[in-house]
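The values are calculated or read from the model by the stated rules, or taken from the named source; none is laboratory data. Here the structure is a predicted model, which is why all the values come from computation and not from measurement. Virtual Cβ from ideal backbone geometry, glycine too; neighbours counted across all protein chains shown.
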Amino acid sequence: MSMIGNLLRVTKAELDDYLKDSSLLESSIYDEETDEENPNLVDIDKSWDGIVFLLTGQGIANAEHPLLRVLFSGQIIDEEQDLGYGPAHYLTPEQVAELNNQIAKITIADLKQKYDPKKMTELEVYPTIWDEGDQAFAYLSEYFVTVQQVYFEATKNGEAIITFLN
């Protein structure tokens, strides 16, 4: 089984609704009534732990860095809800804008300096592909740019972000 990272842009009102009734979030994500994909839902494949490493220098298991909040805010919508691999995290529109200001400045060159396949392997950063060298870094940097785009759009629209693994 793969653990896929997801970012969902939502309005403040939608976030408030999900916080009151988390089943609405699950219904929204896993709506089998329609074949249309939600344009506000972006999947970053298995890159999430590698991105956490590039931002924090640590794997998800031991990360204690403010930029961990980009993908795992620690603010849980519903502790009891399991969307595949645990509950969803959320950021308010204000928190999204604050983090966007920080990650918008990060370049691919910055990430490349932090890329350490040996340490990532030692820390068992998911997925364990770090022996693939430049291809593994290209994979991470592509999805990091996607994360930056999601944050930019959410900030521009005054939206919250919900993240989860499935």
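What the table shows:
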item	result
Among (1) touching a residue at least 60 places away in the same chain (Cβ under 8 Å); (2) farther than 21 Å from residue 81 by Cβ; (3) of a type outside the set (Lys, Arg) - the single one residue 36 does not satisfy	(1)
Verdict on residue 31 being on the phi > 0 side of the Ramachandran plot and either among the charged types (D, E, K, R) or part of a helix (DSSP H, G or I) (or both)	no
For residue 95: the one exception among (1) outside any helix (DSSP H, G or I); (2) under 18 Å from the mean Cα position of the chain (by Cα); (3) on the phi < 0 side of the Ramachandran plot	(1)
Any chance residue 98 is without any contact (Cβ under 8 Å) to a residue 12 or more places away in the chain and loosely packed, with under 13 Cβ neighbours inside 10 Å	no
Output for region 50-72, where each listed residue is farther than 20 Å from residue 98 by Cβ, modelled with pLDDT under 95 and of a type outside the set (Gly, Ala, Ser)	58, 60, 62
Condition met for residue 125 (of a type in the set (Val, Ile, Thr) and surrounded by fewer than 20 Cβ atoms within 10 Å (Cβ to Cβ))	no
Region 33-48: number of residues that are modelled with pLDDT under 95 and of a type in the set (Asp, Glu)	4
